[in-house]
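The structure under discussion appears below in the form of structure tokens.
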Amino acid sequence: MFQRACRVGYIFIDWKHSYLDPTVCGQMLTIEFAAPGGDRQIEWTSSRACNPSGRIACSATGYAYQMLVDRRATIGGRQVYFSLGNHGSNAWMCVPLKTTYGTDYVEIGIWESNFITPIQAMRLVAYARPA
């Protein structure tokens with residue numbers, strides 16, 4: 001994503017870790033990009049999929065702020081969700097991961113400042129690959 005964002009004129013702004021609540025859910029990584037002029041922004045996030053009671057699982061409304069789903073699609077074999085917002089929209093998916101302790105889940109998503117279409121946002125997320 002970083003190389004692709006740079007090719008289309010986006011620049012890296014910042015990154016941060018923030019702790020999720022409850023702490024058993026781990027940390028959320030946020031990486032911010034913007035186009036020149038600042039009116040087009042994308043924030044990538046990745047975190048362990050965990051609900052407020054600490055249950056590890058995927059949820060269609062589990063992304064960051066308990067958002068209602070406006071659209072959903074299966075893209076590249078992955079279920080992807082989209083939520084329209086006033087100041088920006090979100091697209092996200094949940095990916096199962098095999099660990100030493102069994103199956104865990106990670107949520108990957110973007111917030112974008114309402115400059116791309118819902119299907120473009122969902123495709124961007126659907127084709128994200130873990131490093």
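The values are calculated or read from the model by the stated rules, or taken from the named source; none is laboratory data. Here the structure is a predicted model, which means the values were calculated and not measured. Glycine gets a Cβ as well: all are built from the backbone with ideal geometry, and neighbour counts include every protein chain shown. Please note that ligands, DNA and RNA were not included when accessible areas were found on the heavy atoms of the full protein model with its side chains. Shrake-Rupley method; radii C 1.70, N 1.55, O 1.52, S 1.80 Å.
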Quick check: anything in region 113-123 under 13 Å from the mean Cα position of the chain (by Cα) and surrounded by 19 or more Cβ atoms within 10 Å (Cβ to Cβ)? yes
Scanning region 29-43 for residues that are open to solvent by less than 30 Å² (accessible area, probe 1.4 Å) and within 19 Å of Met67 (Cα to Cα) gives Thr30, Ile42
Residue count, region 29-45, condition at pLDDT below 85 and of a type outside the set (D, E, K, R), comes to 4
Over region 53-83, the set of residues modelled with pLDDT of 90 or more and either touching a strand residue (DSSP E or B) at 6+ places or on another chain (Cβ under 7 Å) or open to solvent by 40 Å² or more (accessible area, probe 1.4 Å) (or both) is Arg71, Arg72, Ala73, Thr74, Gly76, Gly77, Arg78, Gln79, Val80, Tyr81, Phe82, Ser83
Of the residues in region 72-91, those that are over 14 Å from the mean Cα position of the chain (by Cα), within 10 Å of Arg123 (Cα to Cα) and touching a residue at least 12 places away in the same chain (Cβ under 8 Å) come to Ala73, Ile75, Gly76
Restricted to region 92-111 and to residues being open to solvent by less than 60 Å² (accessible area, probe 1.4 Å) and more than 10 Å from the chain's Cα centre (by Cα), the residue modelled with the highest pLDDT is Val95
